[in-house]
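The values are calculated or read from the model by the stated rules, or taken from the named source; none is laboratory data. Values in this document were obtained by computation on a predicted structure and should not be read as measured data. Here the Cβ is made from the backbone with ideal geometry for all residues, glycine too, and neighbour counts use every protein chain on show. The protein model used for the area step is the full one, side chains on, heavy atoms only, and it has no ligands, DNA or RNA in it. Shrake-Rupley method; radii C 1.70, N 1.55, O 1.52, S 1.80 Å.
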Amino acid sequence: MRERSLLLGLLALLSATTCGAGFAAAQSATLDAVRARGHLVCGVNTGLAGFSAPNDRGDWTGIDIDFCRAVAAAIFRDGNRVRFVPLNAKERFTALQSGEVDVLSRNTTWTMSRDTSLGLNFTGVLYYDGQAFMTRKSLGLHSVSDLKGASICVQSGTTNELNLADFFSTRGLDYRPVVFERLVEVLGAYSSGRCDAFTTDSSQLVSERTRLPDPDSHEMLPDLISKEPLGPVVRQGDAGWSNIVRWTLFVLVNAEELGVTQANVEEMRTTANPEIRRMLGTEGEYGKGIGLDNDWAVFILKAVGNYGECFERNLGESSPLKIARGRNALWKDGGLMYAPPIR
């Protein structure tokens, strides 16, 4: 009996410890710091149309910018309570590691080394991309294989630089890399004729092509040579903060699937649909479980709309880039966008 009592006591202690650990995981030092400061600090690209770039009035726009505003809205009920810190490819991870920014939303590819050896965590995929090549139409090229012996402009410190080397070496093709630290320098070198081709993520090529003096004289080759899942990044060691950033992304995707938009989110609060009620906080306490108000998703959607709305205005047919949804369509529409349920 004594042994049985000891065993039951140990099990009770273990249960209490486990419950306590679960409660502690919901707390977030980063969230506390952001609230105390009064605004979110978000690391973004220095200027990439469709993702993060200042407009003519100096206001930041793009799908990465919308994501930052969504996180701010989840915390403060106000998507404008965010400060944007423009970062180049080389300095982006250091800025996050050092605490200069709270979250990195900067068209950054999720890789194993970045997710495991830098003290950082990716929280999901905001945009599925792939590396492509742009050349002058006058060269008459039809595929990447035609670039054998060519000079190729690429940005240093990116997965693009590594993918380029892997692709050509595994196929026994020679090429001459022309490497620069900043994307604007890469584009300038390509524009001036210092290289035969320019390689980066497909979406970036579409964006950068609009900045060339004669965009119609350039074309993208049909090949994609890599997977580039781009997503927001946070520091390791703060599970509560990771949850907030991750589920902000999932709210955007789930809202599109459920038909909840920036325009109808208020009326959707009274819907009988239990999935929508859980997301908007009229059923259950899912917001409280991550340290936020239960109606946190309402303010995300009021601030930026759902994922489809963010995509359409920044990258889709309603934008100058006119990028097709493709692999970034919802799973039920043949794409890869898929979010776990809120339940």
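Quick look at the values:
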read-out: Qualifying residues in segment 210-229 (those that are under 28 Å from LEU249 (Cβ atoms) and touching a strand residue (DSSP E or B) at 6+ places or on another chain (Cβ under 9 Å)) - the one most open to solvent (accessible area, probe 1.4 Å); value: LYS227
read-out: Selection from segment 270-286 of residues that are surrounded by 20 or more Cβ atoms within 10 Å (Cβ to Cβ) and not in a helix (DSSP H, G or I); value: GLY281
read-out: PHE93 vs. criteria assigned to a strand (DSSP E or B) and either open to solvent by less than 40 Å² (accessible area, probe 1.4 Å) or within 23 Å of VAL154 (Cα to Cα) (or both); value: no
read-out: Every residue from segment 287-324 that is open to solvent by less than 30 Å² (accessible area, probe 1.4 Å), outside any helix (DSSP H, G or I), under 15 Å from PHE51 (Cα atoms) and in contact (Cβ under 8 Å) with a residue 60 or more places away in the chain; value: LEU315, SER319, LEU321, ILE323
read-out: Some residue of segment 325-338 being within 21 Å of PHE51 (Cα to Cα), basic (Lys, Arg) and open to solvent by 70 Å² or more (accessible area, probe 1.4 Å); value: yes
read-out: Residue list for segment 184-221, restricted to those being of a type in the set (Phe, Trp, Tyr) and touching a helix residue (DSSP H, G or I) at 6+ places or on another chain (Cβ under 6 Å); value: PHE198
read-out: Residue within segment 192-200 that is open to solvent by less than 10 Å² (accessible area, probe 1.4 Å), modelled with pLDDT of 95 or more, of a type outside the set (A, V, I, L, M, F, W, C) and in a strand (DSSP E or B) present; value: yes
read-out: Qualifying residue in segment 111-119 (condition: in contact with an Asp or Glu (Cβ under 6 Å, 6 or more places away or on another chain) and open to solvent by 10 Å² or more (accessible area, probe 1.4 Å)); value: no
read-out: Residue in segment 125-142 that is nearest to ASP223 (Cα to Cα), counting only those that are part of a loop (DSSP other than H, G, I, E, B) and touching a strand residue (DSSP E or B) at 6+ places or on another chain (Cβ under 8 Å); value: GLY130
read-out: Selected residue (criterion: farthest from PRO232 (Cα to Cα)) from residues of segment 92-117 that are in contact with a strand residue (DSSP E or B) (Cβ under 9 Å, 6 or more places away or on another chain) and hydrophobic (A, V, I, L, M, F, W, C); value: ALA95
read-out: Which numbered condition GLY50 misses (of (1) assigned to a loop (DSSP other than H, G, I, E, B); (2) of a type outside the set (S, T, N, Q); (3) over 16 Å from SER105 (Cβ atoms)); value: (3)
read-out: Hits in segment 67-90 - residues which are among the aromatic types (Phe, Trp, Tyr) and over 19 Å from ASN254 (Cβ atoms); value: PHE76, PHE84
